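One structure below.
The values are calculated or read from the model by the stated rules, or taken from the named source; none is laboratory data. Because the structure is predicted, anything quoted here is derived from the model rather than measured. Cβ coordinates were reconstructed from backbone atoms using ideal geometry, including for glycine residues, and neighbour counts include every protein chain displayed. Protein only, heavy atoms only, side chains kept; ligands, DNA and RNA dropped before computing areas. Shrake-Rupley method; radii C 1.70, N 1.55, O 1.52, S 1.80 Å.
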Amino acid sequence: MADPTTIRRLYGRRQGHKLRQGQSALVEELLPRVSVPESGPLDAATLFGDDRPLEVEIGFGGGEHLAGQAAMRPDHGFIGCEPFLNGVVGALNHIRDGALDNVRLHMGDALEVIERLPDASLSRTYLLHPDPWPKARHAKRRMVNHGPLDLIAAKLKPGSEFRLGTDDPTYCRWAMMVMGQRKDFVWQAQTSRDFLTRPADWPETRYERKARRQGHEVWYFRYVRV
């Protein structure tokens, strides 16, 4: 396995607009209750108190997809990782409004959390509309690279899914090239419609809606861990 520390991504500022009073209260009161522990090994029992299937979303944005998945499968445990505070606040709103007790959040690098999980412990991993790092010299910072994928593959159970969504043509081509080189994932598309149509159990995100308003194509990739 490639050392994932060699491909750590660099982030910009971690907060956008100033938080309102209610948002600050969510961060102070709810976030500590749903945060992933800062250190030590992680598993379903540590996070949720029982042995349930686990799923991870890498960079959950505003939390719409994460919350939607958690609501659909209350018997699964969901770990959402997002480096930006405003996105975390969005997810906290969804957790509160949906009374979701099966979600845990990490404000930071998803790979640091994934590393701490047991091998073959994840039922799904999601990477939706990741930063495309469009310049060629920054390609090594993309999450779809062999280092992060080696780690993700190690943590996914055989037969489980890695889902990738993007509206960036460069990232789409890059992902198809990198994933096509791997023997541990099998692409589930049989026809073009399979990756041009959002699956019914794939909640829409604000980034996807924005992309469509701008006239962008959106691609939905589903890979099964061999």
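Here are the numbers for this structure:
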read-out	value
Pick from region 110-131, criterion in a loop (DSSP other than H, G, I, E, B) and in contact (Cβ under 8 Å) with a residue 40 or more places away in the chain, ranking: surrounded by the fewest Cβ atoms within 10 Å (Cβ to Cβ)	Pro118
Positions within region 59-101 being among the aromatic types (Phe, Trp, Tyr) and in contact with a helix residue (DSSP H, G or I) (Cβ under 6 Å, 6 or more places away or on another chain), in sequence order	Phe60, Phe78
Failed item, numbered, when Arg142 is tested on (1) of a type outside the set (Gly, Ala, Ser); (2) over 23 Å from Thr170 (Cβ atoms); (3) in contact with a helix residue (DSSP H, G or I) (Cβ under 8 Å, 6 or more places away or on another chain)	(2)
Positions within region 71-87 being under 13 Å from the mean Cα position of the chain (by Cα) and aliphatic (A, V, I, L, M), in sequence order	Ile79
Ala67 being at pLDDT 95 or above, small (Gly, Ala, Ser), out of contact with any Lys or Arg (no Cβ under 6 Å at 6 or more places or on another chain) and open to solvent by 30 Å² or more (accessible area, probe 1.4 Å)	no
Number of the exception - Val89 against (1) in contact with a Leu (Cβ under 9 Å, 6 or more places away or on another chain); (2) open to solvent by 10 Å² or more (accessible area, probe 1.4 Å); (3) of a type outside the set (Phe, Trp, Tyr)	(2)
